Amino acid sequence: MHDSKDFLSELQGRGFRLTRARKAIVTFLACIDAPQSIPEILEALRKKGLLFNKTTVYRELAFLVKEGVAKEVRVSDEKRYYELAGEHHHHTICMRCGDIRDVLFRENLLHVERVLLERDGFRVLEHSLEFFGLCSVCKS
Ligand SMILES: [Zn+2]
Ligand SMILES: [Zn+2]
C-alpha cells in the first residue's frame with residue numbers, strides 16, 4: 001500500500017501534468033498490494049466508470065516506469081505486471097491460476113549479495129526474484 005498523493009505530487013513537482021489516466025492508474029495501483037496486468041488495470045478502472053483504451057494505459061505505464069513511479073514485473077515474455085515503486089520485495093506466482101503476490105523478507109538477500117561480492121567479486125546493483133509454484137488454493 002502506498003500513498004498515491006505522494007507519487008502524484010512528486011510528478012507535479014517535476015513539472016508533469018496529471019492527466020486523468022495518470023491519476024486513475026496511480027490511485028488504483030496505490031490501493032492494491034499485488035502487481036496488476038494491463039487487462040486487470042483496464043477492468044478495475046472500467047468498474048469505477050473510468051474508460052481508457054489499452055494504448056493510453058500502456059503509454060501511461062511506460063511513462064510511470066520511466067519516471068520511476070511504477071515498476072514492471074516481468075513474469076514471462078508475454079506476461080507483464082505493474083506496481084508502484086516502493087520498498088524492495090519479491091513475488092510469488094501461482095503456475096496454475098496465475099495469482100501473483102508481493103512477498104517481503106526482513107533479510108532481503110543482502111547476505112547473498114555479500115557472498116557474490118566476496119566470493120566471486122561480483123557487485124550486485126539490483127535483483128529481481130520471482131518464486132513460481134502453487135498458491136494455497138491451487139495446492140489443495
Ligand atoms: Zn493458484
Ligand atoms: Zn510487487
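FYI, it's all coordinate maths here, none of it is from the lab. Since this is a predicted model, take the numbers as computed values, not measurements. Here the Cβ is made from the backbone with ideal geometry for all residues, glycine too, and neighbour counts use every protein chain on show.
Here are the numbers:
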| quantity | calculated |
| --- | --- |
| Principal axes of the chain: Cα extent on each, largest first, Å | 51, 43, 26 |
| Inter-centroid distance (Cα atoms) of segment 1-28 relative to segment 79-140, Å | 26 Å |
| Of Lys5/Lys66; Lys48/Lys71; Lys47/Lys139, pairs whose Cα-Cα distance is over 26 Å | Lys47/Lys139 |
| Efficiency of FRET from Cβ geometry, Arg46 and Glu113, R₀ 41 Å, rounded to 0.05 | 0.50 |
| Overall dimensions of segment 4-84 as given by Cα atoms, namely Rg and Dmax in Å | 11.9, 35 |
| Fully extended contour minus Cα-Cα distance, from Lys5 to Thr55, at 0.36 nm per residue | 15.6 nm |
| Dipole in debye (nearest 20) - segment 40-125, about Cα centre, beta carbon charges: Lys, Arg +1; Asp, Glu -1 | 280 debye |
| Placed amide H near Ala85: partners under 5 Å, 5+ positions off or other chain | Ala70, Lys71 |
| Full-stretch length increase - Ser136, Asp33 - with 0.36 nm per residue and alpha-carbon distance subtracted | 35.3 nm |
| Per-pair calculated FRET efficiency, R0 = 35 Å: His127 and Leu18 via Cβ, rounded to 0.05 | 0.60 |
